[in-house]
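K.L.:
Here it is, the structure, as structure tokens.
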Amino acid sequence: MITHMHKNLFKYTAKLSLWLALAVLIISSPSNSSILHASADTNLQQGDLTVIGVNSDGPGVLSLLALTDIKDGTVVFITDHSWTGTSFSSAVNLDGILTWTADTYLPRGTVVTITATKLEPAEFSASAGLLSSNGWNTTSQGAWGGGFGDSILLYQGSDLSPNFIFAFTNRSDNIDRDPLSGFYIQPDPNKSTLPANLSNSSYSTSLSGTNNHLDNLCYNGPKSGTKNELLNSIHEASNWTGNGGLGNTAIEDFTTICGANNFSVMHDLYLPIISKQ
């Protein structure tokens with residue numbers, strides 16, 4: 001005779017086996033994202049899209065890494081306008097805004113490469129998605145030069161009320177620079193502070209100052225891990241490689257190092273509590 005306790009044990013074991021099977025299926029999925037495709041949202045969170053490469057010399061190339069699945073129709077703004085702590089500075093006419101729109105579903109681990117195909121006035125192309133430019137001008141320092149473009153900020157929402165996703169800075173001087181964040185304490189048209197919602201986290205990368213600044217930089221750290229693990233690695237200046245200075249050229253294998261889709265972004269797996277009833 002099957003007792004009540006045996007019935008409950010059987011039900012509990014069956015549920016546990018189901019969730020374990022689902023966990024194995026998610027982990028073993030080649031893209032690590034096909035199962036959760038439907039959960040992708042057009043509203044991104046901090047660290048969902050990051051900067052992993054900046055090539056200032058030559059044509060100018062920017063590489064972005066998706067650390068979450070990105071849904072078709074997602075819109076992200078990219079700017080080198082300085083953030084004063086409360087608003088964007090508009091004092092420098094070299095600054096501008098790129099609007100990037102995903103025109104198809106992009107799984108986590110996808111690298112989007114944005115190239116300045118023309119300088120003065122700037123024109124851009126993207127390896128994935130659609131681009132439009134508003135006011136972005138460039139100089140001989142390239143589209144992402146550390147002299148004029150002190151930072152690259154990724155955000156959604158409006159310019160008056162931005163929801164910042166990630167911040168990158170690469171200016172050469174140490175004046176008024178916060179030693180912890182690497183961003184600037186006193187903002188001016190060429191110096192951006194770190195947005196408050198990205199502070200005290202790994203949602204930013206600073207390669208500024210005399211020790212870390214280079215014209216051309218690529219993230220060259222671990223390529224596999226969870227979102228948080230990869231964010232921590234991207235945040236560390238020691239995981240970047242590059243070159244810079246007069247006479248230097250762009251990183252020749254930039255696409256191989258910074259633009260290749262060889263990232264494996266694993267899901268943070270949380271199993272729900274299973275009822276014993």
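The values are calculated or read from the model by the stated rules, or taken from the named source; none is laboratory data. Nothing here was measured: the structure is a model prediction, and the numbers come from that model. Note: ideal-geometry Cβ built from the backbone for every residue, glycine included; neighbour counts use all protein chains shown.
K.L.:
For the stretch 29-59, which positions are at pLDDT 50 or above and in a loop (DSSP other than H, G, I, E, B)?
P.N.:
Within the stretch 29-59, Ala40, Thr42, Asn43, Leu44, Gln45, Gln46, Gly47, Asp48, Ser56, Asp57, Gly58, Pro59 meet the criteria.
K.L.:
Identify the residue in the stretch 169-181 that is modelled with pLDDT of 75 or more and among the polar types (S, T, N, Q) and, among all such residues, is surrounded by the most Cβ atoms within 10 Å (Cβ to Cβ).
P.N.:
Going through the qualifying residues, I end up with Asn170.
K.L.:
Within the stretch 151-167, is even one residue among the charged types (D, E, K, R), modelled with pLDDT of 70 or more and more than 30 Å from Thr104 (Cα to Cα)?
P.N.:
Checked the stretch 151-167: no residue is among the charged types (D, E, K, R), modelled with pLDDT of 70 or more and more than 30 Å from Thr104 (Cα to Cα).
K.L.:
Here's another thing I want to ask about it. Please enumerate the residues belonging to the stretch 182-216 that are assigned to a loop (DSSP other than H, G, I, E, B), modelled with pLDDT of 80 or more and out of contact with any helix residue (DSSP H, G or I) (no Cβ under 6 Å at 6 or more places or on another chain).
P.N.:
Within the stretch 182-216, Phe183, Ile185, Ser192, Thr193, Leu194, Pro195, Ser199, Ser201, Tyr203 qualify.
K.L.:
So which residues in the stretch 195-211 are touching a residue at least 40 places away in the same chain (Cβ under 8 Å) and closer than 25 Å to Val265 by Cβ, if there are any at all?
P.N.:
Across the stretch 195-211, the qualifying residues are Pro195, Asn197, Leu198, Ser201, Ser202, Tyr203, Thr205.
K.L.:
Could you list all residues from the stretch 106-132 that are farther than 25 Å from Leu67 by Cβ and modelled with pLDDT of 75 or more?
P.N.:
Thr117, Glu123
K.L.:
Only residues that are closer than 25 Å to Gly182 by Cα, modelled with pLDDT under 90 and in a loop (DSSP other than H, G, I, E, B): list them for the stretch 230-258, please.
P.N.:
Gly244, Gly245, Leu246, Asn248, Ala250, Ile251
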